[in-house]
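Below you'll find the structure, written out as structure tokens, and then a few comments.
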Amino acid sequence: MTEDRSGVPRDAGSQWYDQEAGPLVRPYAMTGGRTQPGPGGARFDLIALVTLDQNAPGPGDDTALGPEHRSLIELCRTETQSVAELAADADLPVGVVRVLLGDLLEMGCVKVSRPVPPAQLPDEKILREVIDGLRAL
């Protein structure tokens with residue numbers, strides 16, 4: 001038996017446990033060792049918006065979803081959130097959230113709205129002309 005910095009004795013095999021933070025779970029344990037979201041190859045930008053689908057399980061539904069999947073569903077239940085917001089609110093790495101969202105997307109639990117590419121956005125000159133025209137009214 002060894003002692004940690006505070007002098008509290010701990011077992012030799014408990015180095016993955018922090019008294020203040022609790023047990024440490026490696027990201028690959030949450031994703032089953034996967035680093036990419038599903039076979040569909042879905043890519044999730046940080047600003048992609050995630051919305052809960054009607055097919056999502058309710059709070060009492062007994063499905064094979066893990067606790068991290070359920071956490072993401074509950075975060076989306078209140079409002080649409082970006083991938084970055086979900087990662088921050090769930091306190092999970094973005095890579096893990098992307099893999100978990102890939103699972104939820106394949107199951108039909110969430111919908112993802114991808115951001116508009118800059119090439120498809122209206123030209124700033126046109127927008128300024130519209131604003132000037134509205135001001136002239």
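The values are calculated or read from the model by the stated rules, or taken from the named source; none is laboratory data. As the structure is a computational prediction, the values presented were derived from the model and not from experiment. Counting neighbours? That spans all protein chains shown, and the Cβs are built from the backbone with ideal geometry, glycine included.
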> Could you list, in sequence order, the residues of segment 73-82 that are farther than 15 Å from L46 by Cβ and either within 8 Å of the chain's Cα centre (by Cα) or of a type in the set (A, V, I, L, M, F, W, C) (or both)?
Replying inline: I73, L75, C76
> Among V97, V130, which is the only one that is at pLDDT 85 or above, touching a helix residue (DSSP H, G or I) at 6+ places or on another chain (Cβ under 7 Å) and part of a helix (DSSP H, G or I)?
Replying inline: V97
> Quick check, is D103 farther than 14 Å from L49 by Cα and in contact with a His (Cβ under 7 Å, 6 or more places away or on another chain)?
Replying inline: yes
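Can you tell me which residue in segment 83-97 is surrounded by the fewest Cβ atoms within 10 Å (Cβ to Cβ), limited to those that are out of contact with any Leu (no Cβ under 9 Å at 6 or more places or on another chain) and within 12 Å of F44 (Cβ to Cβ)?
The qualifying residue surrounded by the fewest Cβ atoms within 10 Å (Cβ to Cβ) is G95.
Can you pull out the residues in segment 23-80 that are assigned to a strand (DSSP E or B) and modelled with pLDDT of 70 or more?
If the condition is that a residue be assigned to a strand (DSSP E or B) and modelled with pLDDT of 70 or more, then L49, V50, T51, L52 are the ones that fit.
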